[in-house]
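Right, one structure below, let's go through it.
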Amino acid sequence: MRILAKVALGGTALAAIAGVALAFAAPARADSAAAKNDLVLSLGLLKDGNFNAARSYAQKAIAADPKWGLAHAVLARTFLALGDGVGAESELGRAATNGFDMARGHQMLADAWLIQGDAKRAMAEADKADPRFGGYATRVTAKALALQGKSPDAIALLGELLSVDPSNSYAWSDLARIRYNAGDIAGASANAQRAVALDHANLQALTLRGELVREQFGLAAALPWFEAALQRDAYFHPALIEYAATLGDLGRYTDMLAATRRALAARPGSPQALYLQAVLAARAQNYDLARSLMQRTGGAIDDLPGALLLGGTLDYQAGAYEQAIGKWRELVGRQPLNMTARRLLGAALLRSGDAKGALDVLRPVALRGDADSYTLALVGRAFEATGERDWAAKYLDRAAWPAADGVTPFGTDDGLAVLANAANNDPGNPVAAVDMIRGLIDAGQSGGALDRAQALAAANPGAPAAHLLVGDTLMTMGRFGDAADAYRRAADIKFDEATMLRTVDALDYAGRRPEANNVLALFLGQHPENVAALRLAAHWQIAARDWDGAIGTLEDLRSRVGSRDAGLLAELTYANIGAGNDDDALDYGAAAYEIAPMSPAATDAYGWAFYAAGDADKAKDLLEKAALLAPRAPGIRWHLAQAYADLGRNAEARAQIALALGGASFTDRAPAQALLKTLG
């Protein structure tokens, strides 16, 4: 490849500008001293990472001397730094028209075409670059290869460049971005750190470092990196978009809106900024505004996952169910593990009358031991619609009181032979390998699954999904401590919700609740808006009898998810009972029971609220119903026993206590045994 011969002769990120500046001392056309001064300032600002200011001064130089080709070339370079390929191409054309030697501009024109998405044309143009600018040209070629799906070739090419030019900060950040997109988060993080260390003005590296820190350590930890980029250039669009999205996830909506407005000032009509504003509008239930903002994007980001999710939601809210189904089906096809998209698609299909389609979409989620009640209820209703009453009853029963079996992988309906055949026919396909391992787990062949999972993790040490798979396998084998270690290796690379829940679950099963609490607290410190983490924290606060803490957490949750979540209202009932707030407990218990009268949790909570308020008779009726709905729940038996005891029905109370004590998960053994003694 001809471009490889150029690597040793060039390579810094601003090599093109350095070459351009060689002609600065004697420009063909530069009659204005002001133009010269402005161009010097532009070059300095470009080097310092203030790209928008550099563009402004280059434009001033052109205004002072419109026929100066070099000024047009420098302006083109600022456009490239800002990600404007069209603007850069136009300015390079003007530069050539006004005397700039395009033998020094092939690498810049290649970059402009690459930004516009024309990888093949970019590679052809990069191959024409002068050897002085070989490093820049090689970077363009590597990114073009990655854009064509040839990431290994791109990584190898950048590796060759860095072997002869190890101080090339932009090559390191390009390598980091390609590895990040390929799922090698650990490798990407190391490369991004190297890029920033070499050049603190590399805004691409600073922004990427923020994205990676957000993956590894959380939302709050990422903010300083985006802020560091914005301190260099307050209107650097990529950093503003990532900054705004992170602020939104942290619940800092006013700051998020301000960041999106700056992004729109930097790049008028920015589809990404308009999308984020649409998300804000949708969260505020201003769906008309959200739709208007999405329409203003002109369809530029319609195929992105977030836009598909939001677009489908807006279509569904407007009654355009088929359009919503189309968007969500596309999203599930791209992201089969996206449970939110599956739930939405399943609900829409069921509403449209396609019960079988809903079952196909929801089954992988419903097969999980920790499936949520909403999904289970959807599956139950879908089975009802297909006339399969027995299956409907099974899932509706689970929906009434979903089992908390921990975080588990998706179930699979494909046979092991089918999965093995797919993996063997495409040994380089990680998706097929993962499916095969999950198939072995489902088939009870944990040993074989573990061997394959560990081999996959060894081959992909920077990919968190590989370590999660090892942990999942160890969990099925009952090796909870080892599973926690595997999950922690994944968390060191990417500390997201799924990894946190798995780690906490494994530590809890291993009897290491304090460590599990620390992991949860660390995650909440970085993701204070995360609903799953808040639910878990509240549940544990109730278990620890931290009633006031639980009430605070649950009220925070209620402000986010609304007041139609029966499980949340039931937990608020229990927490208020513990805190002695009997009136509030009755109100929450009544609300939970009204929403889900067949839920044993809601029924028990409401009955227990009556008991706490001194009405054992009303409590008994509800608690008896709860016991019928969930006959193997020892906590309900214990509540019913106390109501019977207060009503003088001692024999029945003793029977209920015996049933409660027979439950392995029953935690109130001492008070139950003490009451049993008093009953004779």
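A few remarks follow.
- Taken over the stretch 282-316, residues that are of a type in the set (A, V, I, L, M, F, W, C) and touching an Asp or Glu at 6+ places or on another chain (Cβ under 7 Å) amount to 1.
- Selection within the stretch 236-287 - under 19 Å from Gly312 (Cβ atoms) and among the polar types (S, T, N, Q): Gln272, Gln277, Gln285, Asn286
- So Thr553, is it surrounded by 22 or more Cβ atoms within 10 Å (Cβ to Cβ), at pLDDT 90 or above and more than 19 Å from Asp668 (Cα to Cα): yes
- Of all residues in the stretch 612-628, at least one satisfies being under 18 Å from Arg545 (Cα atoms), without any contact (Cβ under 8 Å) to a residue 40 or more places away in the chain and not assigned by TED's automatic domain parsing to the domain that holds Gly662.
- Pairs with Cβ under 7 Å, 6+ apart, first in the stretch 197-222 and part of a loop (DSSP other than H, G, I, E, B), second of a type in the set (Lys, Arg): Ala201/Lys47; Ala201/Arg232
- Only one of the numbered conditions (1) closer than 25 Å to Gly269 by Cα; (2) more than 22 Å from the chain's Cα centre (by Cα) is not met by Leu350, and that is (1).
- Among the residues listed as Ala197, Ala222, Ala259, the single one being more than 15 Å from the chain's Cα centre (by Cα) and buried (at least 23 other Cβ atoms within 10 Å of the Cβ): Ala259
- Those residues of the stretch 60-104 which are closer than 24 Å to Leu203 by Cα and acidic (Asp, Glu), in sequence order: Asp84, Glu89, Glu91
Rundown of residues vs (1) buried (at least 20 other Cβ atoms within 10 Å of the Cβ); (2) acidic (Asp, Glu); (3) within 28 Å of Leu250 (Cα to Cα), yes/no style:
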position: Gly525; (1), (2), (3): no, no, yes
position: Trp540; (1), (2), (3): no, no, yes
position: Asp548; (1), (2), (3): no, yes, yes
position: Arg560; (1), (2), (3): no, no, yes
position: Leu569; (1), (2), (3): yes, no, yes
position: Ala579; (1), (2), (3): no, no, no
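- Filtered by the rule that a residue be crowded, with 24+ Cβ neighbours inside 10 Å and of a type outside the set (Gly, Ala, Ser), the stretch 66-75 gives Trp68, Leu70, His72, Val74, Leu75.
- Residues in the stretch 321-340 that are at pLDDT below 90 and among the small types (Gly, Ala, Ser): Gly333 alone.
Here is a yes/no grid of residues against (1) more than 40 Å from the chain's Cα centre (by Cα); (2) not in a helix (DSSP H, G or I):
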{"residue": "Asp617", "(1), (2)": "yes, no"}
{"residue": "Lys620", "(1), (2)": "yes, no"}
{"residue": "Pro631", "(1), (2)": "no, yes"}
{"residue": "Ile636", "(1), (2)": "no, no"}
{"residue": "His639", "(1), (2)": "yes, no"}
{"residue": "Gln642", "(1), (2)": "yes, no"}
{"residue": "Gly648", "(1), (2)": "yes, yes"}
{"residue": "Arg654", "(1), (2)": "yes, no"}
{"residue": "Ala660", "(1), (2)": "yes, no"}
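- Filter pass, Gly549 being in a helix (DSSP H, G or I) and without any contact (Cβ under 8 Å) to a residue 40 or more places away in the chain: yes
- Selection within the stretch 525-537: residues that are within 15 Å of the chain's Cα centre (by Cα) and hydrophobic (A, V, I, L, M, F, W, C). The member of this set that is farthest from Val561 (Cα to Cα) is Ala533.
- When Ala605, Ala626 are checked against the criterion of being part of a helix (DSSP H, G or I) and closer than 23 Å to Leu534 by Cβ, Ala605 stands alone in meeting it.
- Residues located in the stretch 662-678, provided they are among the hydroxyl-bearing types (Ser, Thr, Tyr) and more than 44 Å from the chain's Cα centre (by Cα): Thr678
- Subset of the stretch 317-365 that is among the acidic types (Asp, Glu) and in contact (Cβ under 8 Å) with a residue 12 or more places away in the chain - its residue that is nearest to Gln285 (Cα to Cα): Glu322
- Those helices (runs of 4 or more DSSP H) of the stretch 114-185 in which 2 or more residues are of a type in the set (D, E, K, R) and touching a residue at least 12 places away in the same chain (Cβ under 8 Å) occupy 119-126, 134-147, 169-181.
Conditions (1) within 23 Å of the chain's Cα centre (by Cα); (2) outside the structural domain of Gly248 (by TED's automatic domain parsing); (3) buried (at least 18 other Cβ atoms within 10 Å of the Cβ); (4) not aromatic (Phe, Trp, Tyr), marked per residue:
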site	(1), (2), (3), (4)
Ala265	no, no, no, yes
Gln272	yes, no, yes, yes
Tyr275	yes, no, yes, no
Gly311	yes, no, yes, yes
Glu322	no, no, no, yes
Gly326	yes, no, no, yes
Arg334	yes, no, no, yes
Leu345	yes, no, yes, yes
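- Condition check for Arg502: among the basic types (Lys, Arg), touching a Phe, Trp or Tyr at 6+ places or on another chain (Cβ under 7 Å) and at pLDDT 90 or above: yes
Yes/no per residue for (1) basic (Lys, Arg); (2) closer than 19 Å to Leu554 by Cα; (3) touching a Leu at 6+ places or on another chain (Cβ under 8 Å):
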site: Leu569; (1), (2), (3): no, yes, no
site: Asn581; (1), (2), (3): no, yes, no
site: Ala630; (1), (2), (3): no, no, no
site: Ile636; (1), (2), (3): no, no, yes
site: Gln642; (1), (2), (3): no, no, yes
site: Ala655; (1), (2), (3): no, no, no
site: Gly663; (1), (2), (3): no, no, no
site: Leu675; (1), (2), (3): no, no, no
site: Gly680; (1), (2), (3): no, no, no
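The values are calculated or read from the model by the stated rules, or taken from the named source; none is laboratory data. If you're wondering where the values come from, they're calculated on a predicted model, not measured in any experiment. Note that each Cβ is placed from the backbone with ideal geometry, even for glycine, and that neighbours are counted across all protein chains shown.
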